[in-house]
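I have a structure I would like to understand better, so I am pasting it below and will then ask my questions one at a time.
What follows is calculated from the coordinates using simple rules that are stated; it is not laboratory data. Computed from a predicted structure; not experimentally measured. Every residue, glycine among them, receives a Cβ derived from its backbone with ideal geometry; neighbour counts consider all protein chains shown.
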Amino acid sequence: MISIKSDNEIKLLREAGRIVYETHQYLKPFIKEGITTKKLDSLAESFIRSKGAIPSCLGYEGYPATLCTSVNEQIVHGIPGPRKLKNGDIITLDICACYKGYHGDSAWTYAVGEINDDKKYLMEHTENALYEGLAMVKPGNRIGDISNAIEEYAKKYNLGVVKELEGHGVGSNLHEDPEIPNYGKKGTGPVLKKGMVLAIEPMLTLGSPDIVILDDNWTIETEDYSPSAHFEHTVVVTDDGYEILTGV
Ligand code: MF3
Ligand code: CO
């Protein structure tokens, strides 16, 4: 069931989304060679708590941290630890926070120092793929229209679409209906309605989209070790389009 949020719920989701956005902005200057992913995680946790929110991922199905910190070939759910960022790395920070019972969810991939042109290309076109998907969000369109727009854009730029991971509804649960794959057919799937809240999140790769799960049972990376990028916003469907809750 896809829930339609009330105006009051949307207010709280907007607050949660703003806290997630502010956490990204707060962390950005720390993303430099030498910092550990664990340090980024503790900065994020303190920041989120200072805003009166709770880190949604911490304890979620046993996940042990506030952030998912996925470096280079890691696609999602990289667990923060002693790894130090190096010049030329890319790192995805996936940030989720819960404010007064409502969640915000946004992932963004960042460059550490100077990155090569391949990684720049991957990041630029994965971010663009997110906006291609968002452009389909309005009442009357279908989930498949979002999925198809992302897939077509990725294909055009020769990037791999990870099939096993997808976007989702957001509300008083971090993951709600509907599922939002990053590939699919136009005109299929649930119809979008005003008041639905969706996290749209293309995960694209420079090489093969095939994945492996590491022994920690969380970290998902590309089978061929090619770099991966991930851009995600939580949005609410409005009268004639969408409002981004996790950014500007
Ligand atoms: N934004 C991540 C997702 O949608 C949240 C992961 S929380 C975790 O999958 F606990 F599963 F890491
Ligand atoms: Co998400």
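Which ³J(HN,Hα) values in Hz, rounded to whole numbers, follow from the phi angles of region 157-174 under the Karplus curve 6.51 cos²θ - 1.76 cosθ + 1.60, where θ = phi - 60° and Gly and Pro get x?
9, 6, 9, x, 9, 5, 8, 7, 10, 8, x, 6, x, 9, x, 7, 10, 5
Mind sorting Tyr242, Tyr102 by how few other Cβ atoms lie within 10 Å of their own Cβ, fewest first?
Details: Tyr242 22, Tyr102 27.
Ordered by Cβ neighbours within 10 Å, fewest first: Tyr242, Tyr102.
Treat the count of other C-beta atoms within 10 Å as a stand-in for reagent exposure and order Trp218, Trp108 from fewest to most. Walk me through the numbers on the way to the answer.
Values: Trp218 17, Trp108 23.
The order, fewest Cβ neighbours first, is Trp218, Trp108.
Sticking with this structure for a sec: With the calculation restricted to Cα positions, what are the radius of gyration and Dmax of region 26-160 in angstrom?
So, for region 26-160, Rg and Dmax equal 16.4, 48 Å respectively.
If we restrict to alpha carbons, what Rg and Dmax does region 110-248 come to, in Å?
15.1, 45
Span-like helices, the chain: DSSP H, alpha-carbon axial extent 24 Å or more, mean Kyte-Doolittle 1.0 or greater, which ones?
Details: long enough: 7-27 (30 Å, -0.69); 117-134 (26 Å, -1.14).
The answer is none, since no helix passes both cut-offs.
Tell me, what does the Kirkwood hydrodynamic radius of the chain come to in angstroms if you use every pair of distinct C-alpha atoms? Provide the component values of the computation, followed by the final result.
Values: mean 1/r = 0.0562 Å⁻¹.
With all distinct Cα pairs of the chain included, I get 17.8 Å.
Please report the relative contact order for the chain, taking Cα pairs under 8 Å with a sequence separation of at least 6, and give it as a percent rounded to a whole number.
Numbers: 644 pairs, mean separation 57.1, N = 248.
For the chain, the relative contact order is 23 percent.
Could I ask something else about it? Write out the trypsin sites (Lys or Arg not before Pro) in region 66-103 meeting two conditions: DSSP loop, and at most 14 other Cβ atoms within 10 Å of their Cβ. If you can, show how the numbers build up before the last one.
Numbers: sites: Arg83, Lys84, Lys86, Lys100; in loops: Arg83, Lys86, Lys100.
Of the trypsin sites (Lys or Arg not before Pro), the ones in loops of region 66-103 whose Cβ has at most 14 other Cβ atoms within 10 Å are Lys86, Lys100.
For a quick check of your reading of the filter: which GluC sites (Glu not before Pro) in region 77-140 sit in a DSSP loop and have no more than 16 other Cβ atoms within 10 Å?
Working: sites: Glu114, Glu124, Glu127, Glu132; in loops: Glu114.
Qualifying residues, ordered by number: Glu114.
Between Tyr225 and Met1, with labels modelled 7 Å along Cα→Cβ, what's the label distance in nm to one decimal, could you check?
The answer from the label model is 4.9 nm.
Can you tell me what percent of all Cα-Cα pairs in region 101-160 are more than 14 Å apart? It would help to have the intermediate numbers written out before the result.
Numbers: 1114 of 1770 pairs.
Pairs farther apart than 14 Å: 63 percent.
Also, I was wondering about something else. If the cut-off is 27 Å between C-alpha atoms, which lysines fall inside it for Lys186, apart from same-chain ones fewer than 8 positions away?
Lys5, Lys138, Lys155, Lys156, Lys163, Lys194
Farthest toward the dipole's positive end in region 98-248, which of Asn217, Met123, Thr188, given Cβ charges of +1 (Lys, Arg) and -1 (Asp, Glu) about the Cα centre?
Thr188
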